Every structure is written in C-alpha cells, then in structure tokens.
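What follows is one structure encoded as structure tokens, with my remarks underneath.
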Amino acid sequence: MSIVGKDIIKEFGEPPVRVLHGLNFSIASGEFVSISGRSGSGKSTLLYIISTLDDPSQGSISIDGRNFAELDAAEVHRFRNEEVGFIFQFHYLLEELTALENILLPARNLGRDEELKPRALELMERFEIPNKTNSFPKQMSGGEQQRVAIARALLLKPRYIFADEPTGNLDSHNALKVMETLREVNTDMGTTILLVTHEEDFSKMADREILLRDGLIVDERQEMKL
Ligand SMILES: Nc1ncnc2c1ncn2[C@@H]1O[C@H](COP(=O)(O)OP(=O)(O)O)[C@@H](O)[C@H]1O
Ligand SMILES: [Mg+2]
C-alpha cells in the first residue's frame, strides 16, 4: 500500500511556468512524512497533486498500484470521501455549528451522524476538548479549533491525512499540541500522514522529510554541499 509519484511536473499559466520539475517519490502506508521548504518552493502544489485535488501537467500518481488518472469517477469520489482527511492552515469550521456538529459534518453528508456521534465524542476526549461539545468556533482558541478540524478529518477513519501548514496560524504552544496530536494519530491509528510545513522543527518530527527547493526534491547530501 503506497502512493507513488513518477516524474511529476506541474506548470501554471500561459505561457506555462514550471513549478515542479519532475519529482519522484513514494509514500508507504503508515508513514508520517513532511514536505518542507521555503515559501514558494512548491509544497502546497505537490500536496494537492499527491492528494488528487489537482492533476500533474505530466507524470503520474498511483495509489496502491493503480494509476489515479485511470480510476473512474465513482472510485475517485470514494477515495476522496472515505480514505482521505484534509487539514488546512485555516480550519474552515462552520461558524454557525458547534464543535461537535462540525466534527460530525462528514457523517451528516452520508446520513451517518447518529451512528458516528460516539466516535466524535471519543475524538474530542482524545484531543482534550471534551468540554467544548456545544461551543461554537468563536468560543474556542485557535489550537482548539484546529483540533476540532483534525477530529473532523479523522471521523470516517481515513487511511490518509493530508495537512497543509496546519500549525501556520497558531502560537507555538498550540502548534506543538497539534503536532503531538498528529503524531499520536499516526502511531495509534496507523494513519498515513503527509504534512506540509515550512517550520524546520515540525518537519523534523516526521519520520521522513521531503525537502523541496524551487520545485525540486533536495536530498540531505545535496543540502550539505550547498
Ligand atoms: N494556481 C496557481 N497559478 C499560478 N501559479 C501558482 C499557482 N499555485 C502556485 N503557483 C506558483 O507555484 C509556486 C509554488 O507555490 P506553492 O506550491 O504554493 O508553494 P509553497 O506552498 O511551498 O509556498 C509559486 O511560485 C506560486 O506562485
Ligand atoms: Mg503552501
């Protein structure tokens, strides 16, 4: 079980500007991998391609041995809805819903909110926000809101979590808390985590780092030579 990228090239605009220059990588099931590098190095672009939210201009992504471009619409839909959880820098919680309702949103869309309520409450307990069940996002700290977003991403037990700078908007205490939460999810639930971050300390918390510079993967040896 893995996600494999082959010769991934991404270009934007006309005339095309190339921002990813032929990347090769493999992410095994159960790994916690960070994508790091400076602002503008192509981290988000790569994450969106790996998570199938965007297509590469050239090259291929295969998921568990199957070329993603060849999956039919129903398979793509199932992958994105059931196997993947997304976390972004801004949590995108709905302000008019409570924390619990926000966490249950993916279940509500499937008509499974009653069934999954115990799991939602269990996740809140685990992430140390159990007393926030009926709080609205505005009544919570940034770190608590982000933990609600993580619980929402985990509700349907996805195999993959894709996170784009989930700590980017938080103070260092809350950022660390979110990182510890992701670490725990990886260790205890075996969820494969792909984390984009420009913060070196957090990047080092992953099992493995994919370091980008100007749309290229830089390995550690090259890094030392420069
Ligand atoms: N939709 C887009 N259209 C045009 N250029 C883009 C688009 N998305 C990203 N880019 C460019 O691609 C490069 C990499 O961006 P991005 O992946 O967001 O970097 P990072 O996440 O590392 O900060 C940047 O030069 C950015 O301006
Ligand atoms: Mg980015």
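Counting only strands (runs of 3 or more DSSP E) that sit completely within the range 1-71, those holding 2 or more residues that are within 16 Å of ligand 1 (Cβ to nearest atom) and open to solvent by less than 10 Å² (accessible area, probe 1.4 Å) correspond to 2-12, 17-28, 32-36.
Quick one: which strands (runs of 3 or more DSSP E) sit completely within the range 117-226 and have at least 2 residues that are charged (D, E, K, R) and in contact with a strand residue (DSSP E or B) (Cβ under 8 Å, 6 or more places away or on another chain)?
Numbers: elements: 160-164, 192-196, 208-213, 216-218.
Because the criterion is at least 2 residues that are charged (D, E, K, R) and in contact with a strand residue (DSSP E or B) (Cβ under 8 Å, 6 or more places away or on another chain), the strands (runs of 3 or more DSSP E) in the range 117-226 that meet it are 208-213.
Considering only residues that are over 13 Å from the mean Cα position of the chain (by Cα) and closer than 15 Å to Tyr160 by Cβ, which ones fall in the range 30-65? If the condition is that a residue be over 13 Å from the mean Cα position of the chain (by Cα) and closer than 15 Å to Tyr160 by Cβ, then Gly30, Ile61, Ser62, Ile63, Asp64 are the ones that fit. Checking each residue in the range 147-175 for being open to solvent by 10 Å² or more (accessible area, probe 1.4 Å), over 21 Å from Arg78 (Cβ atoms), more than 16 Å from ligand 1 (Cβ to nearest atom) and at pLDDT 90 or above picks out only Arg147. Within the range 104-127, the set of residues being of a type in the set (A, V, I, L, M), more than 20 Å from Thr181 (Cα to Cα) and crowded, with 18+ Cβ neighbours inside 10 Å comprises Ala107, Leu116.
On inspection, Glu101 fails the criterion of being of a type in the set (Asp, Glu) and open to solvent by less than 40 Å² (accessible area, probe 1.4 Å). Cβ-Cβ distances below 6 Å connect the following pairs, each with a first residue in the range 107-118 that is under 13 Å from Ala151 (Cβ atoms), a second residue that is assigned to a helix (DSSP H, G or I) and modelled with pLDDT of 95 or more, and a separation of six or more residues or different chains: Ala107/Leu116. Taking the range 128-139 as the range and being more than 24 Å from Thr192 (Cβ to Cβ), open to solvent by 10 Å² or more (accessible area, probe 1.4 Å) and within 22 Å of the chain's Cα centre (by Cα) as the test, no residue passes. Among the residues of the range 81-98, the one identified as in a helix (DSSP H, G or I) and surrounded by 15 or more Cβ atoms within 10 Å (Cβ to Cβ) is Glu83.
The values are calculated or read from the model by the stated rules, or taken from the named source; none is laboratory data. Keep in mind that this is a model prediction, so the values were computed, not measured. Positions of Cβ are backbone-derived with ideal geometry, glycine not excepted, and every protein chain shown enters the neighbour counts. Note: accessible area is taken over every heavy atom of the protein model, side chains too, but ligands, DNA and RNA are not part of it. Shrake-Rupley method; radii C 1.70, N 1.55, O 1.52, S 1.80 Å.
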